[in-house]
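Have a look at the structure below, then the notes.
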Amino acid sequence: MSQSNRISGGQIDRSKTLSFRFDGKSYQGHAGDTLASALLANGVRLMGRSFKYHRPRGPLSAGSEEPNALVHLRSGARQEPNTRATVAELFDGLEARSQNAWPSLKFDALAINDRLNTFLTAGFYYKTFMWPAAFWEKLYEPIIRKAAGLGALTRQEDPDSYDKGFLHCDLLIIGAGPAGLSAALTAGRAGAQVILADEDFRMGGRLKAETLEVGGQAGADWAAAQVLELAAMPNVRLMPRTTIIGAFDHGIYGAVERVSDHLAVPMKGKVRQTLWRIYSRRAVLAGGATERPIAFENNDRPGVMLAGALRAYANRWGVAVGRKVAVFTNNDDGLRTASDLRAKGLEVRVIDARKGEEVIDTSGRLGLKSVTIRSNGKVETIACDALGVSGGWNPNVNITSHHRSRPVWEEAIAAFVPGEDGPVGLTAAGAAAGALSTHGALATGQAQAIAALADLGIAAKADALPQAEDAPVAISPKWYVAGGKGRAWIDQQNDVTLKDVKLAQQENFTSVEHLKRYTTLGMATDQGKTGNVLGLAVMAGLTGKTIPETGTTIYRPPYTPVAMGTLAGRSRGKEFKPFRLTPSHKWAEEQGAVFVEVGMWLRSQWLPKAGETHWRESVDREVLATRKSVGICDVTTLGKIDIQGTDAAAFLDKVYANNFASLAVGKCRYGLMLREDGMVYDDGTTARLGENEYVMTTTTANAVLVFRNLEYARQVLWPDMDVQLISTTEAWAQFSVAGPNARKLLEKVVDQDISDAAFPYMGAGAITVGGIRGRLFRISFSGELAYEIAVPTRYGDALVRKLMEAGREFDAIVYGTEALGVMRVEKGHVAGNELNGQSSALNMGLGKMVSKKKDSIGMVLSQREALLDPNGYRLVGVKPVHKDGKLTAGSHFLAIGAAPVIENDGGWLTSKVYSPHLGCDIALGYLKAGDQKIGTQMRAVNLLAKPVQETLVEIVSPHFFDPEGERLRG
Amino acid sequence: MADTLHALTALGQAAPQTRVIGPYRIEERFDVALASVASRRGREAEVASAAAAAGIPLPGPARFTAGPLYAGFWVAPEMWFVEAPFASHEDIVAVVKPIFGEAASITEQTDAWVRFDVLGTNLAALVEKLCNVDFARAADGYATRTVIEHMGCYLIRHTSGALTIYGGRSSAQSLLHALEVTAASLL
């Protein structure tokens, strides 16, 4: 029968009927329903199986604290596991499946675990699966994970998109119940910039679930009217369906807005969720309170619910969870449930713990059928299909403890309230602060808003508050019912029972932190919202300590679970990061270049010609063509830093290990930069363009790091120096032109005389290209006669085309990073593999570059005794003795006949290439006392290869090609 | 002398691009020259007076000011970016350097950046999805450094319906993509 448990009233739109499916069966609900309320309206109480024992479970709550009613929502690629049915907004066509049950929810084979409960107590895994150790990873853990678990991922790509954003406000109000609305009205009317966020799709908090009046009208109506007033204020931003997930530093809060979760599919162009970063000057937590259960035997059957939830289903959603209802309470709020349900015509039996009455057991395999009551020594069993339990209300202190503030115990309400040392700028109001009456919520909301704004110099008025109930909290703490077998659930999501807590106490895990980890209390996706306080109160009782003495664990973000996709936002696939394109990118694309990611840059790796089927063919051709005639390479990605000021020369002398003060105007010099610990971290050339003007180049990878370090040196180390810095990396398109015909080619392009006499080796200066201003540097990474030519970036595309056109008569080619790498290894130049952060200039064979005649960063520590060891690592060249011998970077040097053990390790190969010039593999490497071993033979051993790869090698100078540098000076 | 070189915009086209997405108009600007001006140590007053005499606005922190020929915005203590028409100031250093002499360090920045001007009726909604700038409450002439999708940028508010973004030239396409996707998501 459709919606058999639907009763009158509620804030659902009965004119809109929605169809949905759960476990393959069709049902109907109404707009305004949650999945849980709609299922309950249809008489469905069983919604899932528990984590460990596979016990049948239904919803415990009517909100985000729900531990039990977790479902797979939607299907296919949009399926989302562990969705709380209590907050999943119903939409037409909704599809949900229960999880953690096989073959069906009603008959779950793994319910056998429940029979084996004697064995599966807290610590069971720790005690049982210790031996043999090797079994843990491959056998035990996979089995346990399969048996115990929540929902499953589909492993399909999420078809929806997610977004992020940034918001700013004077006052962030977290929660739109009576306290939050009161705070928002106060701040909004004062003209402050206000953000009011609430996780529910309808604002009003508990007022939606109560029959209480505010200002002479129904609470829900009053709330709706206030929301309307707030919506009309331009300075107030209302954010329903938005959960504040965490308090971060400096008043920053994370928020997840569920933009499209209430729809079957997001509207075109719209995201599913948005992750907001909210920058608040002040914040008020008005997050309400969560009711807690009382632990008694079999208190987890579908139909056993928090009393406030029973009331909410009746009042807000027009749903009677059962027709015959029992309410077990230790406080007056439980009586309110009884009263409201009676008013709906339901039969209600109250079991008041304060009168010596208690529930000692329940029955009903798949749903509650009866409860057994002990009343002042008399035991009776009554039939009922719903049981509301109220053990009191816990203020939702969670966010106040995100900066490690510990909540404090307040005896009057028998609950923890926020500590004094919570996040700076955050105060609590209403039930979250322990003010559990409606009047208390309205009053503290108003007061906290006024106080927060006063801090900001904004005057807010205390308007007269509407009339509202102000009943005291009449509670007599009752945590658990003694005398059972201990199968009384405390943390329902992680299946932690009274027996587990007792066992933890017996085994001396009595600290709350140990209790948490030994039993897994509060470690499920709900962070123990309903179970934590109950668990530690039970431990307090067992140890004979008070609750304040026992203490409490604290919470961490996120407040409720957040999907990974939401955290990723747009950063997925090709949009994971932006790309940087070189000035010749368009031209290179036209040539069919293969690109490689270098940081964010896309650089040409090689440029295949027709007929070339293997990358090595292209790279070998590019290298040979360059060495034979001329090759061009886009080197714009190298960092360029403009350094000016009257102290620029002295500054360079401090940041470079070698001398720069003596560099003449119009010349450039290769330089080494050391870290403070004396290790080399970057290299490059710097040109002196004027008396007080230099341009430094860095490696591509370290462009930002070097700039940052220079800024640090300028601002912090030597603030008195007259030095100005700015990056010009992207301002200039720069190309290397290398090879015996480099000059001949450039002479056709550059307007000025660049003969060897006019522009000698290491010269630098301004030129023009077709009248366009440019720069020319005569430097070489390849070992060839080479230049780097730069023009403003907008002309880069034209320049590469012009160079290729002018170079046609020389068979000029453009080479990529692979050919660049081959040529630099042939020439023995260090690059990233050698600049590994653990190598000194001496290791690289560049020890003489570290000037001791001046002070520079890292100079002193580079002279440490251990770093000057004459038998330390030295950069060497490596060639296979037999030309067909294969080398692998990372292979280790071993003497001939030496066993492959660490004691015999001689060093390692850092970079390996195939040299088309030499016709064999060649490599660079760091070899102990390498400079003394030139000409000797060793073995290069790759222990990671299967079988182990061994190559007999000759240790040679790292300068394989033109060791005297005659070509580059040509 | 060889033939001269043709220029491409940061988006790799011969002419600047414009995108209209709902109420938003994104215009690539290719007609503005840019230079950094940084006072040499101890010569701050000279820089200020030379700038005033030449009509180069050098505003205070987080500010942009436009003059008849030049506009300027603050980027760091005693450091500004100065804008001028590209047509008359292609070699902007050659023009600006004589104004300050050795009192300031001038560096050409024109092609280090891509400039997008964004126009629309509710730019606050766009900006809040792009970066951590409180655009709605910022005054006209507010200029700040910010980050958009990992890309360091400068953002200048001209009015509630007009802003300028300078981003790294090499990532111009990625920046435009971020602007386009964000604008489209607000339709």
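Observations
- For residues of B:151-157, the mean tally of beta carbons on other chains within 10 Å: 1
- Rounded to two decimals, the Cα radius of gyration of region B:32-110 over 2.2 N^0.38 Å is 0.95.
- Beta bridges per DSSP with both ends in chain A, % antiparallel, nearest 5: 75
- 18 Å tail of the calculated P(r), region A:650-733, as % of Cα pairs: 41
- Farthest toward positive dipole pole in chain A [+1 Lys/Arg, -1 Asp/Glu at C-beta], among A:Ala69, A:Ala320, A:Thr728: A:Ala320
- Of the peptides A:317-323, A:931-937, B:7-13, A:543-549, the order by per-residue mean of other Cβ atoms within 10 Å, starting with the highest, comes out as A:317-323, B:7-13, A:931-937, A:543-549.
- For chymotrypsin sites (Phe, Trp or Tyr not before Pro), no site in region A:161-255 is both called loop by DSSP and has at most 10 other Cβ atoms within 10 Å.
- One quarter of the surface of the convex hull around the alpha-carbon atoms of region A:871-970 equals 6.8 nm², the direction-averaged projected area.
- Taking the number of Cβ atoms within 10 Å of each Cβ as an exposure proxy, the fewest-first ranking of A:Glu865, A:Glu711 is A:Glu865, A:Glu711.
- Centre separation in Å (Cα based) which lies between region A:55-93 and region A:171-222: 26
- Cβ crowding within 10 Å, taken as a proxy for footprinting-reagent exposure, orders A:Cys169, A:Cys633 from fewest neighbours to most as A:Cys169, A:Cys633.
- Spacing of the two label points (7 Å from each Cα toward its C-beta) at B:Leu187 and A:Ser8, in nm: 5.0
- Number of partner chain Cβ atoms within 10 Å, mean per residue of B:128-139: 4
- Across region A:489-503, rounded Karplus estimates of 3J(HN,Hα) from the backbone phi angles (6.51 cos²θ - 1.76 cosθ + 1.60, θ = phi - 60°) give 7, 9, 10, 6, 6, 9, 6, 9, 10, 4, 4, 5, 5, 4, 5 Hz, Gly and Pro being marked x.
- Among the residues of A:567-575, the average count of other protein chain beta-carbon atoms within 10 Å of the residue beta-carbon is 2.
- Of the GluC sites (Glu not before Pro) found in region A:363-442, those in coil by DSSP whose Cβ has at most 11 other Cβ atoms within 10 Å are A:Glu420.
- With respect to chain B, whose longest principal axis is taken over its alpha-carbon atoms, helix B:44-54 is tilted by about 80°.
- Chain A: angle of helix A:532-543 to the longest principal axis, Cα-based, in degrees nearest 10: 70
- Sorted largest first, the spans of the alpha carbon positions of region A:337-408 along the three principal axes are 48, 32, 28 Å.
- Descending semi-axes in Å of chain A, equivalent ellipsoid built from Cα gyration tensor: 71, 33, 27
- DSSP-assigned coil residues among GluC sites (Glu not before Pro) in region A:881-970, each with at most 11 further Cβ atoms within 10 Å: A:Glu964, A:Glu966
- Amide H within-cut-off set for A:Asp682, under 5 Å, with H built and near neighbours excluded: A:Met673
- Table column - 3J(HN,Hα) (Hz), region A:852-865, Karplus curve with 6.51, -1.76, 1.60, x for Gly and Pro: 9, 7, 9, 8, 8, 4, x, 4, 4, 6, 6, 9, 4, 4
- For B:Ile148, the residues 5 or more places off, or on other chains, whose built amide H falls under 5 Å of its own are B:Cys153.
- Amide H contacts under 5 Å for A:Ile767, placed H, 5+ residues apart: A:Gly774, A:Arg775, A:Leu776
- Principal-axis analysis of the Cα atoms of chain A puts helix A:703-712 at an angle of about 80° to the longest axis.
- Two-site label geometry, A:Ala412 and A:Arg354: point separation in nm, points 7 Å out along Cα→Cβ: 1.6
- For region A:357-373, 3J(HN,Hα) computed residue by residue from phi via the Karplus equation (6.51, -1.76, 1.60; θ = phi - 60°) reads 9, 7, 8, 10, 5, 9, 9, x, 5, 10, x, 4, 10, 7, 10, 9, 10 Hz, glycine and proline entered as x.
- Label-point gap, in nm, between B:Ala15 and A:Glu380 - each point 7 angstrom along Cα→Cβ: 9.2
- Computed about the Cα centre, the dipole magnitude for region B:26-82 is approximately 240 debye when only Lys and Arg (+1) and Asp and Glu (-1) carry charge, each at its Cβ.
- When A:Arg570, A:Arg874 are sorted by how many other C-beta atoms sit within 10 angstrom of their C-beta, beginning with the fewest, the order is A:Arg570, A:Arg874.
- Farthest toward positive dipole pole in region A:1-131 [+1 Lys/Arg, -1 Asp/Glu at C-beta], among A:Gln11, A:Met47, A:Thr83: A:Met47
- Modelled FRET efficiency - R0 25 Å, A:Leu465 with A:Asp332, Cβ distances, 0.05 increments: 0.65
- Cα shape, chain B, gyration tensor, a/c 1.5 rule: oblate
- Here the dipole of region A:478-563 is about 160 debye; that uses its Cα centre as origin and unit charges on the Cβ of Lys and Arg (positive) and Asp and Glu (negative).
Read-outs throughout are calculated quantities, based only on the coordinates presented, and are distinct from any laboratory measurement. On a predicted model such as this, the values are computed, not experimentally measured, just so you know. Here the Cβ is made from the backbone with ideal geometry for all residues, glycine too, and neighbour counts use every protein chain on show.
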